[in-house]
Each structure stands twice: as C-alpha cells, then as structure tokens.
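Here is the structure we will look at.
The values are calculated or read from the model by the stated rules, or taken from the named source; none is laboratory data. From a predicted model like this one, the values you see are computed outputs, not experimental measurements. Here the Cβ positions follow ideal geometry from the backbone for every residue, glycine too, while neighbour counts run over all protein chains shown.
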Amino acid sequence: MFRLLRYFSVTSAIAVVITASVLVMAYRQGIISEIIVNAEKENIALTQTIKNTIWPSFSSYLTSISNADGETLRSRPETREVHAALKTLTVGLPVLKVKVYNLNGLTVYSSQASQMGDDKSKNPGFISARNGIAASKLTFRDTFSAFEGEVSDRDLVASYIPVKMSDGTIEAVFELYTDITTTKARIESAMFDLAIIPLVAFGLLYVVLFLLVRKADTILKQQYADQQLAEEHMRSLVDNAADGIFVHDFAGQIIEANQAACRNLAYSKKKLQTMTIADIVSNFNEERYLNLWKNMTPGDTVTIEDCHRRRDGSDFPVETRLGFYQTGNRPLMVSLVRDITERKEAEKAIMHAATHDDLTGLPNRALMVDRLLLALAKFHRSKTMAALLFIDLDSFKDVNDTFGHNSGDDLLKKVSERFLSAVRDVDTVSRFGGDEFAILLMDVPNMASVRVVAHKLLGALSEPFTIDGNTVSIGGSIGIALCPDDGVESERLFKQADEAMYRAKQAGKNDFRFASEDAV
C-alpha cells in the first residue's frame, strides 16, 4: 500500500530540515558578513577620527620610524603618549586593540607592547590596505591582549585600514580589533531555535518564519543601538572639543554647532540653528564664500582667516578650516573654528617691538625709514613737500653723569612727550638711540612753516625739566633736510639732515640749520 502521508511527511520533514538548515546557515553567514561590514565601517570612522584628532600630533614620529626593534619602540616616550591618547579615545567603544604599521609593514605601535617591531609586510590585509583598500576578517581568540588587559574567548573583527592624506596618498596602515562576541553569541543561540522549529510541522512554518523575522529584527535593533551608542560617543567628543565646530549647508544655514561654538559666540545652539554663516562672520563676503564652497569636492579642506561677531557685537579673529562632505544627496560643509585672538595679539606685540623704541615707545629708525619712503612716494604722486629733522640733545651726557642713567631715561621720555606735543598727528617723531631723535613733517606748505616748528621744538627743550626732584636744563641741535629741495631719495635726505645737524652743533648748539645753503 502506498503510504502517501508517510512518504509526504518524511519527504516534507527532510525538505523542511534541509531548507531550514540552508536558510539558517545562509542567514547566519549573511548576518556575520553584515557584522563584519558594519564593524569595518565603524573602524574606518574611528580611523578617520584618530587621523583628525591624534594623528597630526604623532604622524611625524610614527612615519619616520624605518627600522627599529620592539625594545627601542617600547622605550620611546612618544609610544606612551600615543598609547594614552588612543586608550582615552576608545573608552566606551568595542575596540580592544589598535596597531599602526608604516608602509614597510613594520609595527611602529601596538596597544599590545610585545608586538611592536613585528614585520607584517607579507600580511594580505596589510598589503590590501597599503594599496588603498580596507580589509577585514572574522577571527576567534582563546586569549587576547586588550587595552584593559587580557580577555578570553572573544570573537573579533580585525580591520586593516589605510590612513589617507588630503591628496589621497597613504601615510600608514591601522589595524583595529573590534569585539563582536556578544552579537555573534546571540546569532548562534538563535540558530538552534531556527533549526528546531521547522521540524515540528508545515503548519508551524509561518510561525518559524515569523520568529526568524522577529529574531532578525531584534538583532538589527541591537546593532542599531550599538551604532547609536558609538555615534553618541563620537558626538560627545565633537561637542566637548576645544574649538568651535559648525555644520552648515551651501546657503550658509547653520545645522549643527558644538558647545565651544555656542560658548565663543554667546548664543544657544537653538538660536545658532536659526542663523546663517553671514550672521556670525563680521566681514562676510558672499561672493568669496560661494567661490570657496562651489570649488570644493568631498574630502577637500581649505583654511581661511575671518572675524566672528559675538552676541554682544564684539569681534574676534578666527582661523576656520572648511571641509566638504555629502550625506545622501545633500552636500554639507563642516567648519572647524579656532579663536586666534592671543596669536594675533602676540603678532601685533612682536611687530610693535620690531618697529618701536623700547624706552620711549616712539617709532625706531626702521619705521622712520618706512614713513619717509611713504612721504617720498606721496611727493612723486602729488608734489607735496616734506621735511626731515635730525635732533641731537645738548648737555644730555651731563645729566647722565650727574644724576645717573635712570634719570637720563626719564629725561628722554619727557623729551619725547614734548616733541609729540610740538607736532601734528600726521607727523612722525622717532628715536634713533641715545639722545638722537628724528622728526618727519608731512605736507609742509613752505620753508617758513618748517622754521616755526624748529623754533617750537627748541622752545620745548629750553624749558627746564624736573627729574626725580631735580631741575635740569638741556638744549638741542637740529638739522633740516627738505624734500624735494635737498633730495628725493631717503639716503640723501638722511645724510643732508645729519650734516646740517652737525653744522648747528658747531655753530654753538641749541640752534637749527637747513641742509641747503640757500635756506640758511
């Protein structure tokens, strides 16, 4: 008797077992592959973060190592600094180990110190990454040396990832080990359930499929939660960065800003998200920014200097590094903004020190030469007359010898103040050193007006000075060179004024002389 039900049942059971086994194994392999892909993406993202945050500080050290043994590498203080920085960066992440290889395959750093100095030049994963293609594989370790110490029975995804510079060149290779033990254990536990359920009956097939979908959904949700946790950690790192970070579109609309950006501008994040870049850049030039943005492609960066305006209306200088990236079909810009107020003030102080006299604060000889060149250029344009006066103080040495150098310095300061009071704001009073001064008179109408100023300067010197309770009297000898009468070149005018000053001193001091004999 042909037993259809028996044969059908057996055949169906075998078919269900085979189908279920194939489906379960395929499902397992697919999930494992997806885990590997997701882990690789996370490792690539972490590598990018390391490159942007830690790598600039240590790249020159790590890439400069061409041949060193493990003992030498472990003893270097830079190695300990790299280890500390990476350990801090990976807190809360499933990354258990990080290794760095130079392009020759030498292990220049490993969180497992004993592996430093190993040669991995023949490793297929390293070779792939060195050629610009990331490579990952699933591996199981009975024991494993992690950042926090020895761990056991771990399933890991090992990723070899190239460190690419902005021009596309590869500078080094990172190897990151990500722990997927928990996720893989959940999958293997699910395999048993999925293999048993289809054997019960064809009537439960829908239930089995339903459970399979539900289990897959649970796994995906867990993976999504893990990814969200990693993204939240990254967001926390960005939000706590010392420099301001803005994300905005090509219309300048601000989409995101970190705490530093809010603090620097004194705006809340909610308020900034209603503003545009034009609202915070005090010298915003729309054409300039549009040209910058439209010429950038994903991965490009450009650094510019701007001024940002705070909520109270005050401006401060910033250095902005613009980066372009694309999310979906939407191109976005990331601006890393650093307050460079201290740097600008330091540059200004250095420039002032280089062009001014330390004692009196007056322009020094270098700045006087520059001002004279500007006056000569103005003469060539508009034929305006200028006068250069050299002044040498009379009897200054007596004050130094009698009352000391401190009193002499105080006298020079007071002389500077009187000279400044005797001329206009457009004129320049400078000190060349010792008791020598020079004054540049701009746009003088005639020689008579220069005589008036010379008399005024001598009068200012003839008034007694009170220095530390002592009354002292000095004078001055002045030599005057006129542009264009005595020359239209700076060196000639300096020489003419200097010679005229010595003639004034030889004539009895406390007097002035013009360089031109016709002007005497």
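Just to be sure I understand the filter: pairs with C-beta atoms under 6 Å, separated by 6 or more residues or on different chains, first member in segment 292-307 and within 18 Å of Glu342 (Cα to Cα), second member surrounded by 13 or more Cβ atoms within 10 Å (Cβ to Cβ) and modelled with pLDDT of 85 or more. Which pairs pass?
Ile304/Thr320; Glu305/Glu319; Asp306/Val281; Asp306/Val318; Asp306/Thr320; Cys307/Ser282; Cys307/Asp315; Cys307/Pro317
Output the strands (runs of 3 or more DSSP E) that fall wholly within segment 380-451 and possess 2 or more residues being surrounded by fewer than 20 Cβ atoms within 10 Å (Cβ to Cβ), or say none.
Ranges flagged: 428-433.
Look through Pro124, Pro162 and report the one residue that is touching a helix residue (DSSP H, G or I) at 6+ places or on another chain (Cβ under 8 Å) and more than 16 Å from Val95 (Cβ to Cβ).
Answer to the selection: Pro162.
Which of the residues that make up segment 64-112 are of a type in the set (S, T, N, Q), free of Cβ contacts under 8 Å to residues at least 24 places away in the same chain and out of contact with any strand residue (DSSP E or B) (no Cβ under 7 Å at 6 or more places or on another chain)?
If the condition is that a residue be of a type in the set (S, T, N, Q), free of Cβ contacts under 8 Å to residues at least 24 places away in the same chain and out of contact with any strand residue (DSSP E or B) (no Cβ under 7 Å at 6 or more places or on another chain), then Ser64, Ser75, Thr88 are the ones that fit.
How about segment 340-372: which of its residues are loosely packed, with under 11 Cβ neighbours inside 10 Å and more than 30 Å from Thr320 (Cα to Cα)?
Asp358
Could you please find all residues in segment 338-367 being under 34 Å from the mean Cα position of the chain (by Cα), touching a residue at least 60 places away in the same chain (Cβ under 8 Å) and in a helix (DSSP H, G or I)?
Passing the criteria: only Leu367.
Would you mind finding the one in Gly469, Gly487, Gly479, Gly475 that is small (Gly, Ala, Ser), exposed (fewer than 13 other Cβ atoms within 10 Å of the Cβ) and either under 30 Å from Ser382 (Cα atoms) or assigned by TED's automatic domain parsing to the domain that holds Ser430 (or both)?
Just one listed residue meets the conditions, Gly469.
Return the only residue of Asp401, Asp370 being acidic (Asp, Glu), without any contact (Cβ under 8 Å) to a residue 24 or more places away in the chain, assigned by TED's automatic domain parsing to the domain that holds Glu491 and in contact with a Pro (Cβ under 9 Å, 6 or more places away or on another chain).
When all the criteria are applied, what remains is Asp370.
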